[in-house]
Structure formats: structure tokens, C-alpha cells
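Please treat every number below as a calculation from the coordinates, not as lab data. Predicted model, so just to flag it, every value in this text is computed and none were measured. Cβ coordinates were reconstructed from backbone atoms using ideal geometry, including for glycine residues, and neighbour counts include every protein chain displayed.
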Amino acid sequence: MNKSMTKIIEFGEKFSIVWQNTGVSQVGEVRNYTLDGNGYRPIPILLDDVQMNKIKMRFLVSTLNDNGPKIVVSADFMKIPVRLREAGIWHEVGHIVYEHLLSDEFLDQSQLKASRQMAIKKGIVLPMELEADCFAILQSGKESIIELLTYLMNTRSPDKKLELNELGKRELEIRITAIRTRKCTRRRTQTRVKII
Ligand SMILES: [Zn+2]
């Protein structure tokens, strides 16, 4: 095939979540469909409690390596009702689509935590969190995201240091207020992140 025949595949803004029960660590995938609707690129959703414990995350996180982005979840996350679970997945897809994973802040998880806490003390939430929430709202509506954040708030571990617990609670409250009052529009994205 000569060069002029090479087809450029373009991916649109249509996504779906597919849950899988394969008996291995992959419990699902997010599919991003091509503009012509004939194909898609998957973002795997992997169940990995070891990694989640290591980075001290309770439910889910998105990561990026040379093979592209993936979403890692915990066994506790898989016990949440599917509607709320999907709201959480859409939030992570927002981080991936808007390329937050490439920002310096995101690359260093402890730095990310520090800037999150600093923002909350000022009464705000990092713009990337609000943007990811907006992506989730456009996918699944305000109510399921609010339900998820309320669920997170009500199931917070009581054994954390009191100050951290208060900050975490405050962040969720600020996000819920923002979701209630904000109008979300989709931001155009480039495809610097290769979703394989
Ligand atoms: Zn987030």
C-alpha cells in the first residue's frame, strides 16, 4: 500500500463503559469510538488492590504509561452500585481525555495531594477536578455524580487523622456545590495522549 492510501483514523467524543467478568484482573474497559463508528480504542479498567494500597487510594485512579492510559480500581470500588461506579469511571476518563495525567502535578502523586490540600484550605478545588467532574456530568448527568460524592463522604474512614478527614470532607462538599451551580461545556481536546 502506498503512502497516499494510508487512512487516518479519527476518534470522536462517543464513549461507553463495558464491564467484563473474565476472571483476570481486567474488570472492564472504556471504549472511545472512531468518528465513522466502525471501531474504538479501549482504556482498560484493572482491579489491583496491591497497587491501590501502595498509593493509599481507596477506590480508583487513572494512570499513564508507555502503553497508554488505564484506570485502576479496588475490590471495594467494585462493590459500589454500578450507576455510582460509572460516575467515578467517567470522572477518571475526564482526567484522561483532558490530559491531566500529563501535567507535572499529576505525575507526582504526593505533590498532587499537597496542592489539593492547599486548594481546599483556600476553599477551592483544583480546576482539573472540576473539569473531570464536568466530563462525568456530560456523560451521566449531575445526579449520579452527586450521589457518588455523597457516598464517598458517608463512607470516609474514621481512623484517618482528623485534619485530613476534615479536608477530604470539605473537598467533597466544594465539589458537590460546584456541580450543583456550574454549567458544563465540553472542551475541545487534541490527542496528545495516545489511547491505544
Ligand atoms: Zn480526580
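Projecting label points 7 angstrom from Cα along Cα→Cβ for TYR33 and ASP66 puts them 3.4 nm apart.
Residue separation of SER110 and GLU13 scaled by 0.36 nm, minus their Cα-Cα distance, works out to 31.8 nm of gained length. Between ALA75 and GLU143, the FRET efficiency estimated from the beta carbon spacing at R0 = 30 angstrom works out to 0.70.
Would you calculate a helix-derived [θ] at 222 nm for the chain, using -39,500 (n - 2.57) for each DSSP H run of n ≥ 4 and dividing by the full residue count, to the nearest 500?
-14000 deg cm²/dmol
Each of ASN21 and ASN165 was given a label point 7 Å from its Cα along the Cα-to-Cβ line. The distance between the two points is 3.6 nm.
Too long at a 29 Å Cα-Cα cut-off: which of LYS56/LYS183; LYS14/LYS169; LYS79/LYS161; LYS79/LYS183? Result: LYS56/LYS183; LYS14/LYS169; LYS79/LYS183 exceed 29 Å. Sorting LEU84, LEU46 by the number of Cβ atoms found within 10 Å of their own Cβ, with the fewest placed first, yields LEU46, LEU84. Annotation for region 51-130: GluC sites (Glu not before Pro) lying in DSSP loop with at most 12 further Cβ atoms inside 10 Å of their Cβ do not exist. Look at the alpha carbon pairs under 8 Å that are at least 6 residues apart: their mean separation over the length of the chain gives a relative contact order of 17 percent. Which stretch or stretches of region 152-174 have amide N atoms under 19 Å from the point lying 7 Å from GLN117's Cα along the Cα→Cβ direction? Output list for this probe position: 156-174.
Under the combined filter of DSSP loop state and at most 12 neighbouring Cβ atoms within 10 Å, region 1-98 retains these trypsin sites (Lys or Arg not before Pro): LYS7, LYS56, LYS79. Once Rg and the Kirkwood radius are both taken over the C-alpha atoms of the chain, their ratio Rg/Rh works out to 0.98. Binning all Cα-Cα separations of region 1-80 at 10 Å, short to long from zero, yields these whole-percent fractions: 17, 39, 27, 12, 5, 0.
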